[in-house]
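Enquirer: Have a look at this one before I ask anything.
The values are calculated or read from the model by the stated rules, or taken from the named source; none is laboratory data. These numbers come from a predicted model, not from an experiment. All Cβ positions, even for glycine, are placed from backbone atoms using ideal geometry, and neighbour counts span all protein chains on display.
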Amino acid sequence: MLEIDLDSSLAFRSSLIVLTARDIRCGDCSWPLTPELSLTHHDHAGVGMLELDDATGRLACWRYTMGRNPVALRFEREFTRQRDHMASGQPALPAVVASCPICQLPLPPDEEECPNCARELHTPPSTWTLLRLWRFAKPYQGQLLAGFLLTLAATAATLVPPYLIMPLMDEVLIPYQNGKPIDTGKVAMLLSGLLGAACFAWALGWARTYILALVSERIGADLRTTTYEHLLKLSLEYFGAKRTGDLLARIGTETDRINVFLSLHLLDFATDVLMIIMTAVILFSINPWLAMVTLVPLPIIAWMIHIVRDKLRTGFEQIDRVWSEVTSVLADTIPGIRVVKAFAQEAREAQRFRDANKHNLEVNDRLNRVWSLFAPTVGLLTEIGVLVVWIFGIWLIAHDSITVGVLTAFLAYISRFYNRLDAMSRIVSVTQKAAAGAKRIFDILDHVSSVPDPAKPISLPPLKGGIQIDNVHFRYGNRAILRGIDLDIRPGEMIGLVGHSGSGKSTLVNLICRFYDVSEGGIRVEGVDLRSVAVADYRKHIGLVLQEPFLFFGTIAENIAYGKPDATRAEIVAAARAAHAHEFILRQPFGYDSLVGERGQSLSGGERQRISIARALLIDPKILILDEATSAVDTETEFEIQSALNNLIRGRTTIAIAHRLSTLRRADRLIVMDRGRIVEIGNHDTLMATEGHYWRLYMAQSKQLDEPSPLGAEEDIEEEIINHPAGTKA
Amino acid sequence: MSRRPIFRPFSLERNAFGRLVLVAPDGTRHENIIPVRAFALSAPETGIALMSAESKELQWIERLADLPEPAQGMIAEELAKREFTPVIRRIIAVSSFATPSTWTVDTDRGQTTLILKSEEDIRRLQETMGPGALMIADSQGIHFLIRDRTALDLLSQRILKRFL
């Protein structure tokens, strides 16, 4: 039984297709199962389609969304089985062992949930993300408490001096004006109190800032390393969907922003709030009326500042966007500089940058008009607040309600926190930014790897190198890339994958490496499903040579020993010799200790490739994967690499992808793929004899070879120049 | 082609031009032999290759010390002539703390000046040579070595710190 959710005009409406032992039914129609009947499955842009045909033509066509695809495929298989059994007159066999209802993968022996499908459920990240930072703050709660107490004490200490002004005014200065001599002892006591309070506040402030900065820096560092470690565990699928710059920014800038927020803004805000509360208490204890008048304008002013800030914030956000526009022009142009120069479009790119910059200026000008008004406005509002206190204070003094000392103390107190109002109003936008940053980081942390390590990993038996691929489907987004691949690779066999680009060769290889997990079906090594072994445990047995060899920043020796950091020098040299890299390495200024840049700029493509072959050789893998290992180099270098590869292939299961079919001559079997399916299997001679897909591909290539294009040579010359810019300058 | 050569007794000579000549056991003579250290920084005494003038490896020497004289001495002499990696003992002065900066340094080969183009030209060699080792490439491509920066005098260390 299959429930489909679209009708023939692709509107959402569900209906049922039922398969019985004798017929297939949908609604009121039914078609008896006959040998001529066939059910075929297609999909395009997220819509799947099942077609029921007989010998004369189409009988019915059903459509559904991609979520139902696994069930539909199962339905299709079930149909074929039933029909064939009908035809042969035998009863249908009962369905096989316990398998996942969704993906048909046989369930691991002692687990009820399919590890493949269970991961689909994840909850969306919550908005209270900043609170989630507590997870990182928790190890430091002792220090945080100490920091809070110190903040409390430090703030209290800063509030002592204005309090001492009161007696200084009322009991010393004003009596002196009225003709009394100055009481030196009292003055000395009050002044030393002032100094003592200042020193005390200084010491406490230092301890508080130091402790909290220490803690926040550690929280930031924990956040960064945790995020990075998590990121490294995510599957290639995740990296494929994200831009590198974005991920760099998340780990670098965002953690730093959160860090600054915690150590500066949050701390300042807490201090300010404490100060206002304490001041309010002191003021009310001295004179409740004057305290009222002093504090009433405060919320009004705070609210006005907040309004202006809010306006400014949208402007700042706009600036951020415009700014990213400017940088994106740069990010576009600089990596593509060869194209720009080749088409002589420097002027156009310069114009594009100038336009972006002009836009940036306009937005900035607009904002600056408001922004420049802001600081003076805050100043004005503060002055008005102080003025109100003056007016009411003088009025109270005139009625002998308070002394001059009290008014002086009040003025000293409020000037302190009016100054802080602006800083406090900033907390809203800063908090929002930090929360956004935290959300972006937790986005990474919440992301569950789509190639998860199983809860109870099975330990791999010693590998012989055989790989069984059973009915593998793979879907990327809503695009079906592999549709039912069945392949049994024998230990030590060399398999060549052939096909047009987009036929799914690289995807198949990625699935074998378990960079991705299959959507349906399964891949097994030594009879163990890949999803039930620990990823790292399995990858140890895989050697990978890619089209674009990646060299890490470090010495050549470190690069070769990347997969086996404890390799001895003799092992490294042996691997390099086998990869035909030894001699050119000796030509480098420091031999194996020569440094190569992030992308190995000082080495040619072929040399880099041979280093990556040595890297694969050193780990002595059972399964070797060559993904277009020779397509980025010229034919002469290819020859050199090819003989290095021959050393590598010996005694290992090898899966090679190559556009140049000549490089796959040594393959035991060639697998020809087309649009996600295997269309031909055989060695070179048999495939040539059948004159099928492979024959056509081969003929097309040999025709190209007969007409050599001069382009290849030119490109190499330019590469030389690009790779050695110092040479052209000197 | 670059299969590992089996160790067989060979002999070295110097020709009239002062170049090394390798005489293989079968009597073939290879003129203009160049000895090369495979791990010039991390293990200079092990793994030395004798290369032909065409950069083909002719002989691999596992450890220089195991080689009989006079070949050992001749290779050591030739290596000493070819290698130029002055070891900095003291940084006397720098022209500015912003690059490019001209450094006056005292090396094991005497006092000299070097121009540091950018901070990136100072590379840490902790993996190959220990925690304090640095390699400084000057604008002309000469590599200066600091074996252990913590062993330098305080002034040199203070200067160096500004660039790291």
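Enquirer: Considering only residues that are closer than 16 Å to residue A:570 by Cβ and of a type in the set (A, V, I, L, M), look in segment B:47-61 and name the one that is surrounded by the most Cβ atoms within 10 Å (Cβ to Cβ).
Expert: Restricting to residues being closer than 16 Å to residue A:570 by Cβ and of a type in the set (A, V, I, L, M), the top hit is B:48.
Enquirer: Among B:36, B:87, B:21, which is more than 13 Å from every other protein chain (Cβ to nearest Cβ), surrounded by 14 or more Cβ atoms within 10 Å (Cβ to Cβ) and not charged (D, E, K, R)?
Expert: Checking each option against the conditions leaves just B:21.
The rows are residues; the columns are (1) modelled with pLDDT of 75 or more; (2) out of contact with any Phe, Trp or Tyr (no Cβ under 7 Å at 6 or more places or on another chain).
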residue: A:3; (1), (2): yes, yes
residue: A:16; (1), (2): yes, yes
residue: A:37; (1), (2): yes, no
residue: A:46; (1), (2): no, yes
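Enquirer: What's the total number of residues in segment B:39-70 that are at the interface with another protein chain (Cβ under 9 Å from one of its Cβ atoms), of a type in the set (Lys, Arg) and more than 22 Å from residue B:21 (Cβ to Cβ)?
Expert: 0
Enquirer: Before we move on, is residue B:124 within 11 Å of another protein chain (Cβ to nearest Cβ) and surrounded by fewer than 19 Cβ atoms within 10 Å (Cβ to Cβ)?
Expert: So residue B:124 passes the test.
Enquirer: Restricting to segment B:62-84, name every residue that is touching a residue at least 24 places away in the same chain (Cβ under 8 Å) and either under 26 Å from residue A:574 (Cβ atoms) or crowded, with 16+ Cβ neighbours inside 10 Å (or both).
Expert: The answer is B:62, B:71, B:74, B:75, B:78, B:79, B:82, B:83.
For (1) assigned by TED's automatic domain parsing to the domain that holds residue A:271; (2) charged (D, E, K, R); (3) under 30 Å from residue A:254 (Cβ atoms), each residue gets a yes or a no:
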residue: A:132; (1), (2), (3): yes, yes, yes
residue: A:146; (1), (2), (3): yes, no, yes
residue: A:153; (1), (2), (3): yes, no, no
residue: A:158; (1), (2), (3): yes, no, no
residue: A:181; (1), (2), (3): yes, no, no
residue: A:186; (1), (2), (3): yes, yes, no
residue: A:192; (1), (2), (3): yes, no, no
residue: A:196; (1), (2), (3): yes, no, no
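Enquirer: Would segment A:550-558 turn up any residue that is out of contact with any helix residue (DSSP H, G or I) (no Cβ under 7 Å at 6 or more places or on another chain), outside any helix (DSSP H, G or I), within 14 Å of another protein chain (Cβ to nearest Cβ) and surrounded by fewer than 17 Cβ atoms within 10 Å (Cβ to Cβ)?
Expert: yes
Enquirer: On to the next question. Surrounded by 15 or more Cβ atoms within 10 Å (Cβ to Cβ) and either at positive phi or without any contact (Cβ under 8 Å) to a residue 12 or more places away in the chain (or both): which single residue out of A:261, A:239, A:343, A:284 fits that description?
Expert: Just one listed residue meets the conditions, A:284.
Residue-by-condition table, conditions (1) surrounded by 23 or more Cβ atoms within 10 Å (Cβ to Cβ); (2) assigned to a helix (DSSP H, G or I); (3) at pLDDT 85 or above:
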residue	(1), (2), (3)
A:576	yes, yes, yes
A:584	no, yes, yes
A:589	no, no, no
A:601	no, no, no
A:615	yes, yes, yes
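Enquirer: Here is a follow-up. Taking residue A:501 as meeting all but one of (1) buried (at least 19 other Cβ atoms within 10 Å of the Cβ); (2) under 11 Å from residue A:657 (Cα atoms); (3) not basic (Lys, Arg), write down the number of the exception.
Expert: So the condition that residue A:501 fails would be (1).
Enquirer: Say whether the condition of being aliphatic (A, V, I, L, M) and either closer than 30 Å to residue A:692 by Cα or in contact with a helix residue (DSSP H, G or I) (Cβ under 6 Å, 6 or more places away or on another chain) (or both) is met by at least one residue in segment A:513-525.
Expert: So far as segment A:513-525 goes, yes, one or more of its residues are aliphatic (A, V, I, L, M) and either closer than 30 Å to residue A:692 by Cα or in contact with a helix residue (DSSP H, G or I) (Cβ under 6 Å, 6 or more places away or on another chain) (or both).
Enquirer: Working only within segment A:427-475, note down all residues that are of a type in the set (D, E, K, R) and either buried (at least 17 other Cβ atoms within 10 Å of the Cβ) or within 18 Å of the chain's Cα centre (by Cα) (or both).
Expert: Within segment A:427-475, A:433, A:439, A:440, A:443, A:446, A:470, A:475 meet the criteria.
Enquirer: Hey, another quick one. Please determine, by comparing only the residues of segment A:153-166 that are more than 15 Å from residue A:277 (Cα to Cα) and in contact with a helix residue (DSSP H, G or I) (Cβ under 6 Å, 6 or more places away or on another chain), which one is surrounded by the most Cβ atoms within 10 Å (Cβ to Cβ).
Expert: Once the filter is applied, the top-ranked residue is A:162.
Enquirer: Which of the residues belonging to segment A:1-38 are of a type in the set (A, V, I, L, M) and within 19 Å of residue A:67 (Cα to Cα)?
Expert: Once the filter is applied, which keeps residues that are of a type in the set (A, V, I, L, M) and within 19 Å of residue A:67 (Cα to Cα), segment A:1-38 yields A:1, A:2, A:4, A:6, A:10, A:11, A:16, A:17, A:18.
Enquirer: Report, by residue number, each residue of segment A:575-597 that is touching a Lys or Arg at 6+ places or on another chain (Cβ under 8 Å), more than 25 Å from residue B:134 (Cα to Cα) and within 8 Å of another protein chain (Cβ to nearest Cβ).
Expert: If the condition is that a residue be touching a Lys or Arg at 6+ places or on another chain (Cβ under 8 Å), more than 25 Å from residue B:134 (Cα to Cα) and within 8 Å of another protein chain (Cβ to nearest Cβ), then A:577, A:580, A:583 are the ones that fit.
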